[in-house]
Amino acid sequence: MVSQFAIEVRNLTYKFKESSDPSVVDINLQIPWNTRSLVVGANGAGKSTLLKLLSGKHLCLDGKILVNGLDPFSPLSMNQVDDDESVEDSTNYQTTTYLGTEWCHMSIINRDIGVLELLKSIGFDHFRERGERLVRILDIDVRWRMHRLSDGQKRRVQLAMGLLKPWRVLLLDEVTVDLDVIARARLLEFLKWETETRRCSVVYATHIFDGLAKWPNQVYHMKSGKIVDNLDYQKDVEFSEVVNAKVNGQVAFENDNNKVVISKVNSLHPLALEWLKRDNQIPDKEIGI
Ligand SMILES: Nc1ncnc2c1ncn2[C@@H]1O[C@H](COP(=O)(O)OP(=O)(O)OP(=O)(O)O)[C@@H](O)[C@H]1O
């Protein structure tokens with residue numbers, strides 16, 4: 001049976017052995033299919049710990065986690081076949097893809113190896129159409145050699161590798177820091193399109209909010225391991241036309257209709273986007289503007 005939610009979490013608390021306090025405290029979540037969730041919080045707020053728990057990298061002992069209807073720590077979760085898939089289809093999907101900070105340090109990305117060879121070694125031929133789309137979106141030249149690339153180019157190849165096999169749930173733990181504004185915008189637009197065209201959902205923890213104004217369905221604010229704010233983006237959020245609008249000194253504030261009004265801010269992001277768009281003749285629709 002297809003699970004009702006992409007992710008369901010009940011009363012989840014997690015403490016590292018070495019710590020005296022839990023890093024994640026009594027979290028409850030119900031994340032539907034075909035959605036994009038943002039997780040916002042200060043350094044140490046618990047975002048990575050939560051995403052790793054969802055990916056099955058830490059064992060949840062206190063509370064319940066279901067991803068695609070199954071405990072992510074269970075081996076069953078790896079080889080799951082849904083009712084709407086044949087066994088053959090299931091080899092073409094993985095339940096969860098987690099792309100996080102440790103994943104960024106994989107050693108292969110610094111080796112003297114060609115990009116095409118690298119992509120082929122992880123199934124490029126099998127996922128040809130998707131692979132070619134990712135190569136195009138991330139503006140990768142498959143003739144590149146990995147050890148001669150810039151950090152951002154390496155990251156683009158790495159993202160194409162990580163996203164090659166389709167997933168049901170994508171957990172992105174800030175892996176876009178070294179992408180230029182166009183590569184990031186195209187990637188976000190691709191993920192938006194994915195969640196709109198097949199059964200999947202994305203949870204993205206980030207500190208970079210440029211270009212995200214039209215992206216999420218849900219925004220979670222974590223503080224000291226807890227979810228302290230949870231906004232349904234469509235229902236709860238409104239943008240102000242006024243630059244640096246403030247109420248009680250706040251640039252995001254609640255109005256009389258209980259909506260969070262977000263002030264327009266001065267940002268160089270549109271300028272960088274426009275310049276790089278022009279440099280590479282990128283059509284607006286590819287970057288969601
Ligand atoms: N391996 C670990 N062992 C012990 N404590 C840890 C470990 N990893 C994280 N923590 C602690 O858990 C808390 C939450 O850390 P976490 O990495 O989840 O935060 P974060 O919100 O992702 O922060 P950042 O924005 O800096 O990535 C922090 O207090 C941190 O010190």
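Only the coordinates and a few stated rules stand behind these numbers; no lab work does. The shown structure was predicted, so the numbers you read here are calculated from the model rather than taken from an experiment. Cβ sites come from the backbone with ideal geometry, for glycine too, and all protein chains shown count toward neighbours.
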Quick one: if you stick a label point 7 Å off each Cα along the C-beta vector at Lys214 and Arg10, how many nm between them? 3.9
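Just order 191-204, 169-182 by mean Cβ neighbour count inside 10 Å, highest at the front, would you? Numbers along the way, then the final one.
Values: 191-204: 18.3, 169-182: 20.4.
Going from most to least packed, we get 169-182, 191-204.
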Reachable lysines from Lys120, Cα under 27 Å, same-chain residues fewer than 8 places away excluded? Lys57, Lys154, Lys165, Lys192
Between Asp279 and Asp151, how many nm apart are label points set 7 Å from Cα along the C-beta direction? 1.6
So for the chain: antiparallel DSSP bridges make up what percent, rounded to the nearest 5? 50
For the pair Val177 and Arg143, what calculated FRET efficiency results from E = 1/(1 + (r/R0)^6), where r is the Cβ-Cβ distance and R0 = 22 Å, to the nearest 0.05? 0.30
Can you tell me the dipole magnitude for the range 3-278 around its Cα centre, using point charges on the Cβ only (Lys, Arg +1; Asp, Glu -1), in Debye to the nearest 20? 640
For Ile287, what charge total do you get from the other residues with a beta carbon under 10 Å from its beta carbon, if Lys and Arg give +1 and Asp and Glu give -1? +1
Computed over the range 3-278, the relative contact order (Cα-Cα under 8 Å, seq sep at least six) in percent reads 23
Nearest 0.05, what FRET efficiency do Thr197 and Gln30 give at R0 = 30 Å with Cβ-Cβ as r? 0.85
Using packing as a proxy for protection, rank 277-284, 59-66 so that the peptide with the highest average count of other Cβ atoms within 10 Å comes first. 59-66, 277-284
How would you rank 112-124, 153-165, highest first, on the average number of other Cβ atoms within 10 Å across their residues? 153-165, 112-124
CD proxy at 222 nm, helix term only [per DSSP H run n ≥ 4: -39500 (n - 2.57); per residue of the chain; nearest 500]: -8000 deg cm²/dmol
Spin-label model distance (nm) - Arg128 vs Ile113, 7 Å beyond Cα toward Cβ: 2.3
Pairs Lys223/Lys246; Lys52/Lys246; Lys264/Lys285; Lys246/Lys285: which are spaced more than 29 Å apart, C-alpha to C-alpha? Lys52/Lys246; Lys246/Lys285
